[in-house]
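To keep things clear, I will list the structure first and then write my remarks on it.
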RNA sequence: GGGGUCGUAGCUCAGUUUGGUUAGAGCACCUGCCUGUCACGCAGGGGGUCGCGAGUUCGAGUCUCGUCGACCCCGCCA
């Protein structure tokens, strides 16, 4: 098909172009047929321009053809740019001072009536939008997000390149690793019964690159995890993967802060203050009940274990005696919260697995509570004092193991914040609402109840703090890791660690994780071997690129910043992946569906 | 694996509480009229497996059970 190449885009014509004969290629956005004259908004990714078919200014053939135009037809039009008549300018459009009076029209393609409007935001449900993703992607909001994402790639590559990092691609078909998330597996045709795994992250490769002397590596890379999805979790997602030789934590922080600052400045023209504040994992848990606290609102927690350890309330005393924790959340002016709502919070806690929720109101200098006769006024007063309560506050208390008590309250904290509208409307571009935080001093290990063993909290290559190394032999649960997460408004947007670079220490950590010598050799032998040939101290971090894009665009889900996302059941509604395959394909792969 | 919200016209939704005539509205679509609109306007028209399947009932969009799908959360996500 031959058609006239465009001379301009639909976003660029101004009064300076008046008098020019121009050609536009694009889509029909909206048709306004006034009986005589026909006004049409024409759209491409650069903007919209009003084109005009006037039967007195074009041939009757062109005019008759123009009357066939409908939304989403693809056309090539040519005509003269003219100034709009006095009083008919449209100040909402950058091109609103001119019209293009069309003399030539070619319909390049017709369109069915689209299932939802491209030009109008009508709240079409996500299911429909994902099925017709090619139409959804025409919408202005989605185009803006992907354009912003493109800028993020550019800024990221420039920033790391300028700082001596080199981009290296690592394999997508790799060895399955036993730790961490469930792997996506790819069967090997050549090797019967053997499988590749898609990378959960290029972790081992980037460490090997450090051994190889590349010194500073980065990659914008897809990672895959076969776990259940969330608004901020897709089975395949993008990381900015970074590794540095001869680092300490301060160097990593500095490089990351530099990257975030550049991204916000160059993509959104927002100055974010740095360095970012820091908080230990322990403090984050005890103050906010989360290892990724949202600091945009208060509602802090207080550990009252010491206060209640010898209280007459047996639930508390016994829990403390067996090593548990009791903690409280203070809701300032919470007296307006009715009994119904508190009962709702109690149900919420029970669904999380908590025994319940104990509460009291500060009224004058008394605490009023249905549990008062058990806890006693005396101990309630002590609790209130520890929590710095004043008249009108509502106290919510939970009791259980340390991790559960604070996690439950942390989850409740977010729920209450949502219910009470304490979280500012998502404004990813407002620097006063950007609460960055480094969370540091994570434990090396956490105990997995299901498997009855320690698992690495970050990953098995994370170095313990030098001062905690001695705990590895005595009390591994007390050892802290040289790991760090970057948190923004309650979202984990980057996480990393200083790695182990000694073959011996790495073997010891593997054994603590229940990975025997034999298994370690089989799964990670190449890495342990590599460490025997002069591995430099190294460490790094990986950014959740989609999450950063989500926050910077003010989106509620990473699906809004991914061109072709999957649903919460990991389906792609447009192309219907995953799908069944031919028997022939299975045979070649030596696989049978059972 | 568990909890919750939702599913009615192409799209957004009302109707479901308390079962009862032919299931409605706006937008979109089609036809006609209309020469300065920009959410054009006016008149008329077409369009429904009430997600799907059982059950209760004289009668089910409405009640019950099951099931499928989307979304949110817990578990899970080194």
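Here, each number is a calculation from the coordinates, and none is a lab measurement. Bear in mind the structure is a predicted one, so any value in this text is a computation, not a measurement. Heads up, the Cβs are rebuilt from the backbone with ideal geometry, glycines too, and the neighbour counts pull from every protein chain shown.
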Determine, for each peptide in A:578-590, A:118-130, the mean count of other beta carbons within 10 angstrom over its residues, then list the peptides with the highest first.
A:118-130, A:578-590
Hey, could you pull the Cα Rg and Dmax for segment A:195-274, both in Å?
15.4, 47
Please state the shape class of segment A:352-478: rounded when a/c is under 1.5, otherwise prolate if a/b exceeds b/c and oblate if not, all from the C-alpha gyration tensor.
oblate
Hey, what D do you get for segment A:297-419 in µm²/s if you plug the Kirkwood alpha-carbon radius into Stokes-Einstein at 4 °C and 1.567 mPa s?
92 µm²/s
What does the C-alpha gyration tensor say about the overall shape of segment A:400-459? Classify as rounded when a/c is under 1.5, otherwise prolate if a/b is larger than b/c, or oblate.
oblate
Once every DSSP H run of n ≥ 4 in chain A is given -39500 (n - 2.57) and the sum is divided by its residues, what mean residue ellipticity at 222 nm do you get, rounded to the nearest 500 deg cm²/dmol?
-9000 deg cm²/dmol
If packing is taken as the average number of other Cβ atoms within 10 Å across a peptide's residues, how do A:440-446, A:381-387, A:475-481 rank, most packed first?
A:440-446, A:381-387, A:475-481
Rounded to the nearest 0.05, what FRET efficiency do residue A:581 and residue A:134 give with R0 = 25 Å and r taken as the Cβ-Cβ distance? Could you check?
0.55
Relative contact order in percent for chain A (Cα pairs under 8 Å, 6+ apart) equals 13 percent
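With r as the distance between the Cβ atoms of residue A:306 and residue A:332 and R0 = 35 Å, compute the FRET efficiency 1/(1 + (r/R0)^6) and round to 0.05.
So the FRET efficiency works out to roughly 0.90.
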Based on a Kirkwood Rh over C-alpha pairs, give the Stokes-Einstein translational diffusion coefficient of segment A:507-594 at 25 °C and viscosity 0.890 mPa s in µm²/s.
134 µm²/s
Counting just the Cα atoms, what span does chain A cover along each of its three principal axes? Round to the nearest Å and put the largest first.
94, 70, 52
Between residue A:186 and residue A:491, what's the calculated FRET efficiency when r is the beta-carbon distance and R0 is 41 Å? Round to 0.05.
0.85
With the crude spin-label approximation of a point 7 Å out along Cα→Cβ, what separation in nm comes out for residue A:251 versus residue A:15?
5.8 nm
What distance in nm separates the two pseudo spin-label positions at residue A:421 and residue A:57, each 7 Å out from Cα along the beta-carbon direction?
4.8 nm
Of all beta bridges DSSP finds with both residues in segment A:15-109, what is the antiparallel percent, to the nearest 5?
95 percent
Would you mind telling me the antiparallel percentage of the DSSP bridges in chain A, rounded to 5?
95 percent
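Extension gain residue A:374-residue A:446, at 0.36 nm per residue separation less the Cα-Cα distance, in nm?
Contour length minus the Cα-Cα distance gives 22.5 nm.
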Report the full-extension gain for the segment residue A:173 to residue A:147: residue separation times 0.36 nm, less the Cα-Cα distance, to one decimal in nm.
6.4 nm
In vacuum, with every alpha carbon of segment A:15-109 counted as one equal point scatterer, what does the Debye formula give for log10 I(q)/I(0) at q = 0.20 Å⁻¹? Two decimals, please.
-0.95
